Amino acid sequence: MIRKIYHNSPPLIKQIARNIYEKIVPFPYVYGIQFAKFYKFLMKSQWWPTERLEEFQNERLRIIVKHAYENVPYYRRIFDERGLKPEDIKTKEDLKLLPILTKDDVRKNFNELLAKNYRKFNPILCHTSGSTGQPLSYYIDRDLAALIRATVWRHWQWCGIKHGELIAVFRGTLIDEFGKKRRCYYKVEGNQIHFSTFEMDEKIMTKYIQKLNQIKPALIRGYPASLEILARFIKEKNLSVYSPKAIHTSSEVVLPYQRKIIEDVFGAPLFDWYGHGESTICAGECEYHKGLHLNLEFGYTEFIKTKETENMKNVYNIISTSLWNFSMPFIRYDTEDLALLDNSKCLCRRGLPLIKKIIGRQADIIVGINGVWVSPSSFVHFWKYKIADKLSGILYAQIVQENKDFIRVKLVGNKSKENENIIREQLKMLLGNMKIEFDYLHKIPTGQKWRFTVSKIKEDVL
Ligand SMILES: [Zn+2]
């Protein structure tokens, strides 16, 4: 009843109610009992020896495998075809008996991958387009959502952030009145202030700096490219900006030059985080910045060599198994990302091993003729929320900035004037009056060159 009244209330009332609630209920219980349970566990388990964490992984793995065999038609078929029983998968090494699950397998077998008793786990239906712009749907258990939040909070704790401190966010949040004239380009949610990353021109970035100097956030979170755009602007205009305790980046690989300009301009250390919507793996930098600590409690990750990586020294494909998702278990899931590994140990003494570097697809910043700079991840969000749902028969898209006033849209799918008109209208709203042309491809490109945004002018403008 109270929950219903809250959800039907106007945003301002919701905000006031949320603030009061957060003042009364102490952390970690403020995010629910399940969150508190996970958070307390994670704060202890990070100091366990690696061997104990691996034992824990094997225990979780046996539970997930048994459940998948008994309740998930896709896995029952896979086991039967291979003459396997759940007892054959006792440890992580035994997982090699099962095939790798690709994103395409998930798309083609969505219903079969859903557990017969999935409702029991009160799951959330999620849609992602990742870094490629190609949609993927899946379910996440409500408990796993709490674990994700708790793992992120543990990472923020590594960044030196306490609950209640203010966080400024430069990610893909769409502010309600996007595209219309308005005075406000941010919205407040609890202790987080979300800034729009879809309209970052000089005027709006100047307002952002003023706002940051006024609110003095403890943490600034964002896509590396969005924070790079902001840092570059601050540096070029010789503005002064408030230094937070830390910068937190995720969703795109942070490049060395981006890390440098962001850390220099904001005068704060950068903590990178790697994860994905499908939630089979996540990893984050600690205070020593030696690489990303793999969160062993979250999922089991295999680093394997394939044709793609066979000639790349110390680089592996990341294959990961969720240890917590019962509604739609992903076992040996191909993340399509690569990891660079070395044997370095971290000085922090946590039992969580290090990934030296994640190698993901490097997409480009797109610059509108209206002066707006859009990061690759913001572009994927814009496409997902403002364009993809309105199109019919389009399987894949790629945005190529040919020059400063010319965008080429590459599509796989049916040629249609309606689709083209929708894309043209929305892109002009985002980027101004650009020339827009369409190319139709016969098939979806594959491999590491498959990027959603490509800029041919980046050398000139960056
Ligand atoms: Zn460490």
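Computed from the coordinates by the stated procedures, all read-outs in this text should not be read as laboratory data. It should be emphasised that the depicted structure is a prediction, and the values quoted were computed from it without experimental measurement. Counting neighbours? That spans all protein chains shown, and the Cβs are built from the backbone with ideal geometry, glycine included.
Below is a table of values for the structure above.
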quantity: Order of Lys4, Lys37 - criterion: other Cβ atoms within 10 Å of each residue's Cβ, fewest first; calculated: Lys4, Lys37
quantity: For the chain, share of DSSP beta bridges that run antiparallel, in % to the nearest 5; calculated: 60
quantity: Extreme residue, positive dipole direction of the chain, given options Ser196, Pro269, Asn317 (C-beta unit charges); calculated: Ser196
quantity: Values of log10 I(q)/I(0), in the order q = 0.11, 0.17, 0.18, 0.20 Å⁻¹, for region 164-301 under a Debye, Cα-only, solvent-free model; calculated: -0.41, -0.95, -1.05, -1.25
quantity: Computed [θ] at 222 nm, deg cm²/dmol, the chain (DSSP H ≥ 4; -39,500 (n - 2.57); rounded to nearest 500); calculated: -10000 deg cm²/dmol
quantity: DSSP beta bridge pairing in region 366-461, given as percent antiparallel to the nearest 5; calculated: 50
quantity: Footprinting exposure proxy for Thr335, Thr280, Thr128 (fewest neighbouring C-beta atoms within 10 Å first); calculated: Thr128, Thr335, Thr280
quantity: Exposure proxy ranking, count of Cβ atoms within 10 Å, fewest first, for Phe326, Phe379, Phe56; calculated: Phe56, Phe326, Phe379
quantity: Lys/Arg +1, Asp/Glu -1 at C-beta; region 1-150 dipole; positive extreme among Thr102, Tyr74, Tyr21; calculated: Tyr21
quantity: Considering only region 67-220, percent of DSSP beta bridges that pair antiparallel, nearest 5; calculated: 65
